[in-house]
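Since the structure comes first, as structure tokens, the remarks are kept for the end.
Values quoted throughout were computed directly from the atomic coordinates according to the rules given, and no laboratory measurement underlies them. In this text the structure is predicted, and so the values were computed from the model without any measurement. Note that we place each Cβ from the backbone using ideal geometry, even for glycine, and neighbour counts take in every protein chain shown.
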Amino acid sequence: MFQFPGILINKHILLAVSGGIAAYKSAELVRLLRKQGATVRVVMTRSAMQFVSPLTFQALSGNPVHSELLDANEENAMGHISLARWADALIIAPATANTLAKCSHGLADDLLSTLYLAATCPVYVAPSMNQAMWHKPVTQENIQKLKSHGVIVIGPGQGDQACGETGFGRMSEPLEICRQLMADPTAQCLNGLKVLISAGPTREPLDPVRYITNRSSGKMGYALADAAIKAGAKVTLVSGPVSLSAPVNADVVSVETAAQMHAAVMSKAAEHDIYIGAAAVADYSPALMENEKIKKQAEQTTLTLQKTRDILADVAQLPDRPFTVGFAAETHDLEQYALDKLARKNLDMIAANWVGRDQGGFDSDQNALQVFWKNGQKKLAMTDKNHLAEQLISLIAERMEHERHDKNTA
Ligand code: C5P
């Protein structure tokens, strides 16, 4: 069964159809892409229109089909430059030998080839041609050239061909093309979403010179901010005191105490789609902050601590709450504590990790996570925190899409 990893939600896909018999398969591709939440616009070459009517693509995409480079009406509405700017990904399917040759040489004599030149987004091609044409050295050179220019080549597959021959050159199946688009790490799974992340430790002052804190470095939260930005999100990072440089393009709010972090997060949570509580918030803070330095006197002394407010649980209580993700750093009974927090704090997801066992975690560059949600879990193996953050971000996008899908079909 086809899964819904959420990678294509809100994504603008520009599908360029060139003139091959496989053009009929691209009609199914439009349907699949839209099912994954993408908005699709279709561009056709003149010869593509000999194979499939533009009306088919118009009906399936829900948008008018573009075919002319110099059409006064289209240029006013959405000309080649605005189409290229609009696209988050350009997929040329089927890509004929002629189209591949034009793209690899930078020719721009029709709308499709001009769009290829104008596109700054990731470009995918799904070649489709007779097996002898595919194996011709000049075609292979063109493919290698396109690859070296960063184009992602999907297929072609092997098998019976429309011309009666057998071999390489069949356009990949629409499902396979769709999967590859979704698997691409540069695909933006959080495109257009707003993500609020809290990171780092908090400092709870005892007096003007002393405070209680913990070993959190903030690396995981900062890596999550970077990964969310890469995934297309607008990120607000509420950070405790850390010695890390702020992620480029994040809106950073610096705080010190748990109370300040609570106030900052609560004031922003409702306007975000996702909240990830990756901070190691102090569970207790001194009941009283002395205005002057506490003097050394007795052999023993006692601190009275007051429980802090639980930011994560409070966000999860909000009426219009974001998709809420917590962390659980545990030294023992990891699964049991994580599941307890997931239920007790009413979270959508919790990412649990071992701490204090020479297994990454606090202040380390590496970590491993066991992620739980209602009726499911996934282990993310030990790796560097940047890679781990990318995996967690795409898992969050996947779970959000599942929830959205479940709600729509309920
Ligand atoms: O209950 P515990 O502190 O173990 O839960 C950890 C999770 O709760 C983390 O996501 C942490 O950011 C969050 N937390 C919080 N406010 C607190 C304490 C923890 O948001 N006061």
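Annotations for the structure displayed:
- For region 328-359, applying the loop criterion from DSSP together with a ceiling of 14 other beta carbons within 10 Å to the trypsin sites (Lys or Arg not before Pro) yields Arg357.
- Put a dot 7 Å past the Cα of Gln144, heading toward its Cβ, do the same for Glu403, and the two dots end up 4.9 nm apart.
- Peptides 256-267, 376-387 ranked from most to least packed by the mean count of surrounding Cβ atoms within 10 Å: 256-267, 376-387.
- A straight Cα-to-Cα reach below 22 Å connects Lys136 with the lysines Lys102, Lys145, Lys147, residues fewer than 8 places away in its own chain not being considered.
- Globularity ratio of the chain, using Cα Rg and 2.2 N^0.38 Å: 1.22
- In the elastic network of the chain, a GNM with C-alpha springs shorter than 10 Å, the most mobile of Phe327, Phe51, Phe372 is Phe51.
- Extension reserve of the Asn346-Ala183 stretch, reckoned as 0.36 nm per residue once the Cα distance is removed: 55.6 nm
- Cut-off 15 Å between beta-carbons: net charge of the residues surrounding Asp251, Lys and Arg +1, Asp and Glu -1: 0
- Theoretical FRET efficiency, 1/(1+(r/R0)^6), r = Cβ-Cβ of Arg215 and Arg85, R0 41 Å, to 0.05: 0.35
- Over the chain, DSSP H runs of length four or greater, each weighted -39,500 (n - 2.57), average out per residue to a 222 nm ellipticity of -10500 deg cm²/dmol.
- At full extension, Asp320 and His135 could sit 60.9 nm farther apart than now, given 0.36 nm per residue minus the alpha carbon distance.
- Backbone N atoms of region 93-125 closer than 18 Å to the 7 Å Cα→Cβ label point of Glu68 belong to residues 109-115.
- Computed extension length for Ser267-Leu175: 28.8 nm, one decimal, from 0.36 nm per residue of separation with the Cα-Cα distance subtracted.
- Annotation for Tyr284 and Leu244: the two label points, set 7 Å from Cα along the Cα-Cβ direction, are 2.8 nm apart.
- Placing a pseudo-label 7 Å from each Cα along the Cα-to-Cβ vector at Gln58 and Glu165 gives an inter-label distance of 3.6 nm.
- Highest-first arrangement of 213-220, 315-322, where packing means the average Cβ count within 10 Å: 213-220, 315-322
- Which of Glu390, Glu141, Glu403, Glu204 has the fewest Cβ neighbours within 10 Å, and the rest in rising order: Glu141, Glu403, Glu390, Glu204
- Top of Val235, Val43, Val248 by mean-square fluctuation, Gaussian network on the chain, Cα under 10 Å: Val248
- Anisotropy class of region 15-96 from Cα gyration tensor, a/c 1.5 cut: oblate
- Hydrodynamic radius by Kirkwood, which averages 1/r over all alpha carbon pairs of region 194-409, in angstrom: 17.9 Å
- Taking a ≥ b ≥ c as the square roots of the Cα gyration tensor eigenvalues, region 12-181 comes out prolate, since a/c reaches at least 1.5 and a/b is larger than b/c.
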